[in-house]
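First the structure, in the form of structure tokens, and then the observations on it.
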Amino acid sequence: MMTLQVAPQVAQSYAATKNAQYSNTQSAVRTIAQRWKETYDNLSDYNKLVVDLTLEQAKAEFRRRNPNLKKFKQMALAEAKEAMMAQLNIDGTMQRQLDIFWVLKLLSDFLETMVVPIQVYRPDPTKDEFLAWDGQHTLVLLWLIATHITEENPEDLIIPVNIYKSSLKAQMRSTFISLNSKQGKKQLEAIDLWQQMVCGVRIDGATDPYWVEIELKQQHLEKMGLFVTAAKFNDQNMPGAISRLKEVKDLSADAVKNLAVYLALATKLQRPVAEKEMVIMAHFFDRCEADKISVDNAYIAEVVAVVDRHWNTEMHASGKFWISASNAYHNWHTESNKALKKAGFTVPTPRFSSEPIHGFPYLIAQLRKSMTQPVPNSDSNTPFWPLAEDLK
């Protein structure tokens, strides 16, 4: 039987770096220029080229739409509290990662009435320095106009802000999520919401039960050297990467804990978690919980051993597991329709689906044959069940 082993340190390094973003108990302060540069520098060479070209196109379109705008102060921005642009930094723990392409779209489509005052707070009430907790993309847009259109020093320019009390950070974060989940705003993605909730608990002391549960799930993933991400971060192919969040969000914290142990063992933290792998194994541990099967590290290690022995843990879309499941399905379909065919009836065309509806019965049947411990029932809404000769 496979034994549970600590993940190799070298494989954990990238995941540990990614997960460190949640470990700070203070706000991650970035100037506007720093926020732009760190986001730009994280892009692939191809995307950097696309940004450079798109920026030039956006500037040209801005000038076409606003031919008389030569100075920043000519813009008729909303009236609110005034602040010098240089007084504003960005709170990286309360703002999602900057989407450069969204900023460039705003630049191309610019209208003065689209500029809503930046939502800020004073981290130190004794100083006239502000951290932006909402309006990051608008703030960077104004910075681009100053630096690339009117070519002025941002330190000399005034922008509108709404100032909130620094003691209300937990409320600000909740409001940020609400505001950026509505039409007309750059929508928060699943990864953005995940990061907000984890930081909300760890930094703001938020006590919302759902947020607390998400933070607990984050702990389970961190412990096993895994990290959540998305394609926009350009690291979904790194070891330990989980780029499909739906299952992690839907499972209980205990099921996520078991799933994390499985994924760390199955991937050996040498590859990312495949989407199909996440879907079917998350379903497996959910069914274990539903059927009240006791799951510990020894149980998980035996599951990994069976999956490794039969399919080399290859559960990606074109891996051995799905090839074997498809073969088993077609053999079952042929056998179960022999009588119909013999009687002259038209036999329906076999339609195998690389989803739990067909993959799960095959997985459960093989585990039942190979494991010494209980296995949950299949809840798949299909008559498919593998023939004995298709189980190894």
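Tabulated results
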{"item": "Cross-chain or 6+ apart pairs with Cβ under 9 Å, the range 370-381 first and farther than 17 Å from Val295 by Cβ and of a type in the set (Asp, Glu), then at pLDDT 95 or above and in a loop (DSSP other than H, G, I, E, B)", "result": "none"}
{"item": "Ile280 being modelled with pLDDT of 95 or more, closer than 17 Å to Val375 by Cα and under 19 Å from the mean Cα position of the chain (by Cα)", "result": "yes"}
{"item": "Of the criteria (1) under 18 Å from Ser378 (Cβ atoms); (2) among the aliphatic types (A, V, I, L, M); (3) in contact with a helix residue (DSSP H, G or I) (Cβ under 9 Å, 6 or more places away or on another chain), which one Val304 fails", "result": "(1)"}
{"item": "Count of the range 204-221 residues which are free of Cβ contacts under 8 Å to residues at least 12 places away in the same chain and outside any loop (DSSP other than H, G, I, E, B)", "result": "3"}
{"item": "Matching residues, the range 156-203, being loosely packed, with under 13 Cβ neighbours inside 10 Å, outside any loop (DSSP other than H, G, I, E, B) and at pLDDT below 85", "result": "Ser167, Ser178"}
{"item": "Failed item in (1) modelled with pLDDT of 95 or more; (2) over 25 Å from Ser243 (Cα atoms), with Lys338 passing the rest", "result": "(1)"}
{"item": "Check on Ala20, surrounded by 13 or more Cβ atoms within 10 Å (Cβ to Cβ), at pLDDT below 85, of a type in the set (A, V, I, L, M, F, W, C) and under 22 Å from the mean Cα position of the chain (by Cα)", "result": "no"}
{"item": "Spans of helices (runs of 4 or more DSSP H) in the range 297-392 with at least 2 residues surrounded by 13 or more Cβ atoms within 10 Å (Cβ to Cβ)", "result": "297-311, 320-336, 356-370"}
{"item": "Any hit, the range 222-229, residues being in a helix (DSSP H, G or I) and modelled with pLDDT of 90 or more", "result": "yes"}
{"item": "Odd one out for Lys81 among (1) touching a Leu at 6+ places or on another chain (Cβ under 6 Å); (2) modelled with pLDDT under 90", "result": "(1)"}
{"item": "The range 243-287: number of residues that are of a type in the set (Ser, Thr, Tyr) and within 23 Å of Ser380 (Cα to Cα)", "result": "2"}
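Rundown of residues vs (1) among the small types (Gly, Ala, Ser); (2) touching a residue at least 24 places away in the same chain (Cβ under 8 Å); (3) over 24 Å from Asn237 (Cβ atoms), yes/no style:
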{"site": "Ala266", "(1), (2), (3)": "yes, yes, no"}
{"site": "Arg271", "(1), (2), (3)": "no, yes, no"}
{"site": "Lys276", "(1), (2), (3)": "no, yes, no"}
{"site": "Glu289", "(1), (2), (3)": "no, yes, yes"}
{"site": "Asn297", "(1), (2), (3)": "no, yes, yes"}
{"site": "Ala301", "(1), (2), (3)": "yes, yes, yes"}
{"site": "Val304", "(1), (2), (3)": "no, yes, no"}
{"site": "Val307", "(1), (2), (3)": "no, yes, no"}
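The rows are residues; the columns are (1) under 27 Å from the mean Cα position of the chain (by Cα); (2) at positive phi; (3) in contact (Cβ under 8 Å) with a residue 24 or more places away in the chain.
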residue: Trp311; (1), (2), (3): no, no, no
residue: Gly319; (1), (2), (3): yes, no, yes
residue: Ser326; (1), (2), (3): no, no, yes
residue: Ser336; (1), (2), (3): no, no, yes
residue: Phe345; (1), (2), (3): no, no, no
residue: Arg351; (1), (2), (3): no, no, no
residue: Pro356; (1), (2), (3): yes, no, yes
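The values are calculated or read from the model by the stated rules, or taken from the named source; none is laboratory data. Being a predicted model, the structure only gives us computed values, none of them experimental. Note: ideal-geometry Cβ built from the backbone for every residue, glycine included; neighbour counts use all protein chains shown.
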